[in-house]
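Scroll down for the structure; my scribbles are underneath it.
What follows draws every value from the coordinates through simple rules; no lab data is involved. Remember, predicted model here, so these are calculated numbers, not experimental data. With ideal geometry, Cβ positions are generated from the backbone for all residues, glycine too; neighbour counts draw on all protein chains shown.
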Amino acid sequence: MTTTVDTVPNRTEDNRASRERIASALQSYGAAIVLGLLVIVGSIAFPTFASAGNFANIATQSSFLLIVAAGMTFVILTGGIDLSVGSVFALGGVLAAYGSTFGLAGALLLPLAVCGAIGALQGFLIAYGKMAPFIVTLAGLLGVRGLVLATTSGGSTTPLVTDEGVIALGQDSMFGIHWPVVIAVAIIVVGTLLLARTSGGLSILAVGGSESAATLMGLPVARVKFGVYVISGLCAGLAGALNAAYSSSGVPTVGVGLELNAISAVVIGGTLLVGGRGNLIGTVAGVLLLSVIQNLINQVGSLSSSVQAVVSGGFLAVVVIIQTVLSRTQRL
Amino acid sequence: MTQPTVSARIPSRATALGILQRYGVYIAIVLLLVYNLFFTPNFFAIDNFRTQFVQVVPVLIVALGMALVIGTEGIDLSVGAVMALAASTIPLYIGYGVVPAVLIAIFVGAVIGAFNGIMIALIGVQPIVATLAVMVAGRGLALLIANEQLKSVTDPGVLALGRDAVLGVPFSVIIAVVLVAGVALLVNKTTFGKQLIAVGGSRRASELAGLPVKRILLLVYVLAAGLAAVAGVIGTARLGASVPSTIGNLIELSAITAVVVGGTPLTGGQVKVLGTVAGALLLQFISATLIKHNVPDAYSQIAQAVIILVAVYIQRGKVSVR
């Protein structure tokens, strides 16, 4: 990470190296540190905050966003962006509810197949059609929301989940932990291993670091970019399906603005929007941070959701400003 | 601005593509109007066109500012929130009269724009995430200012702004035309316009050439937010109510679409003002056509998505040529 030459390090270079190390650590673990502080302060201030029940509640509510944000992390690591996840999340939920008439397999396979295909279409246009990710997934945001409305007669019908097995997937728990949380954690573990230990994961980081360098190294740049949008589509669809199972209905209006929360969580977690640098553990911290802020505001009780929007937005602004300043320190 | 296409081997195809890139949005409008002339009853009526023009005004004004921002290779997601903030301040100051209330609303917008600009130009935060933060916080702030309530605006001056007309042309349309002319002059005839395009073309080169890059970027975001605030005022005047919870929702997407469909590349370095107007009108006519044929909202959204993709795919070649 340090750019100093290792021959005869003088005092200023030592200083600079240590400053870079601190900046780099802050960038990676800043969200986790703030999260820890918030939990401590929250526990002291609100006795109802620090209960096993409340923590389990936070975990369950975070799990859906976490799965979406995990997919988003892969996309952002390549320097891309996926604005369609909110709409895909809603579509996944609606399709899961329709698919649940065929049992658990239908409730999972139908949304995964369709949402994966949507991710593949967007990935194809971005990777092989060389179109800007921002605009392709913006079209996805509109078009997929249109699909959601088209499959629910204009959003007026809410398909219900009737299958017991599907509802159990959303609402039952193992050792007090809901299944969506277990699945989200599994995705984070697998994703982290994928990023750190496989050639595919390293290719993702390389493409995000420098696309032209990755091309010159002979990496399959187009295939990597295509792949991350498929992953993001699958994650958003799965999260939507689990959310439908959890609420036992596929509500067509869910997920509006979810892409913004997911991007915020990823950025707060220390993943750089320009790509090439970041990890899923940071994203976990980012998602939990957003959820804890929301939970604490709810604990106060008298504050409205507008206050929460102001706090979340202000928090995001502070985080990105600090990050930008920190990464400038590292570049010096 | 338009450079000769390089591909000499297949000139006919290159020329066709060039024409599509340059005039595609106008061709699309003409085709759509011709279709409506034959297949949509009551489309070609003065009243209908007046309605269409009045409806397009907020998106158009926001898109003008967005075109400037995109010209510098930026993006501004906060425009909808700025509209909401402008709307939320009007009931607070309407007691001092129309002019002060409107000026304060625009000033508040400009302050938000300055905040965007400081984050982006001076600190170096990426435009998408800086304006995302302001988008989330700004709408929340607007709701707090308004106590999360809809407030009806009964001041006759404000209502006149939204409803009255001169020689049959609504005030809001006149304001939009004046702003279009102003932005077109700014981009094409002033030093600032040239500098803005230079910054979008290559920020590094502009810095080396000694241009005040940071000041230009800051001013561009102030202008974009100021224009969004004007759109917020007009939207409020038309409704006769300040509705910070819904005004300008998702308008950033429509504005970006209008700009891109109008031929301004997302990669910066060009601003097509007339193209942006045409892009906004095209989107308006498309949704009007679909509504008049009773096409459900679902399919009109899908149609809009396909149009964005086709427009951007056609524009795509230009980037490699430049």
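Before moving on, here are some points about what is shown:
- Span-rule helices in chain B, defined as complete DSSP H runs reaching 18 Å or more along the axis (Cα) with Kyte mean at least 1.6: B:79-93, B:98-117, B:127-145, B:171-189, B:213-239, B:273-292
- Scattering curve values for the range A:22-327, log₁₀ I(q)/I(0), Debye with Cα scatterers, q = 0.06, 0.07, 0.11 Å⁻¹: -0.19, -0.26, -0.66
- Across peptide B:293-302, the average count of Cβ atoms from other chains found within 10 Å of a residue's Cβ is 5.
- Per-residue mean of C-beta atoms belonging to partner chains within 10 Å, peptide A:80-90: 1
- Net charge dipole size for the protein assembly as shown [Lys, Arg +1 and Asp, Glu -1 on Cβ; Debye, nearest 20]: 1780 debye
- Farthest positive-ward along the protein assembly as shown dipole, Cα basis, beta-carbon charges - from A:M72, B:T289, A:A214: A:A214
- Charging the Cβ of each Asp and Glu at -1 and of each Lys and Arg at +1, and nothing else, the dipole of chain B about its Cα centre rounds to 980 debye.
- Cα lying deepest toward the dipole's positive end in chain A, options A:G313, A:I22, A:V182, charges on Cβ: A:I22
- Residue-averaged 222 nm ellipticity for the protein assembly as shown, from DSSP H runs of 4+ at -39500 (n - 2.57), nearest 500: -25500 deg cm²/dmol
- In chain A, the longest principal axis of the Cα atoms and the axis of helix A:280-300 are about 60 degrees apart.
- Each of B:I90, A:I297, A:I231 has some number of other Cβ atoms within 10 Å of its Cβ, and from fewest to most they run A:I297, A:I231, B:I90.
- Distance from the range B:26-49 to the range A:99-175 (C-alpha centre basis), Å: 36 Å
- Using alpha-carbon coordinates, inclination of helix A:133-151 to the longest axis of chain A, degrees: 10 degrees
- Once the Cα atoms are used to define both axes, helix A:258-268 deviates from the longest principal axis of chain A by about 20 degrees.
- Averaged over peptide B:118-128, the number of partner chain Cβ atoms lying within 10 Å of each residue's Cβ comes to 3.
- Rg of the Cα atoms in the protein assembly as shown, relative to 2.2 N^0.38 Å, amounts to 0.97.
- Here chain B is treated as an ellipsoid with the same Cα gyration tensor; its semi-axes, largest first and in whole Å, are 31, 27, 16.
- Ascending count of other beta-carbon atoms within 10 Å, so fewest first, for B:I216, B:I314: B:I314, B:I216
- For A:S62, A:S305, A:S327, order by how many other beta-carbon atoms lie within 10 Å, fewest first: A:S305, A:S327, A:S62
- Using a Gaussian network model of chain B in which every pair of alpha carbons under 10 angstrom is joined by a spring, one finds that among B:N36, B:N294, B:N249 the greatest mean-square fluctuation is at B:N294.
- Taken about its Cα centre, the range B:33-183 carries a charge dipole of roughly 100 debye when the Cβ of each Lys and Arg holds +1 and the Cβ of each Asp and Glu holds -1.
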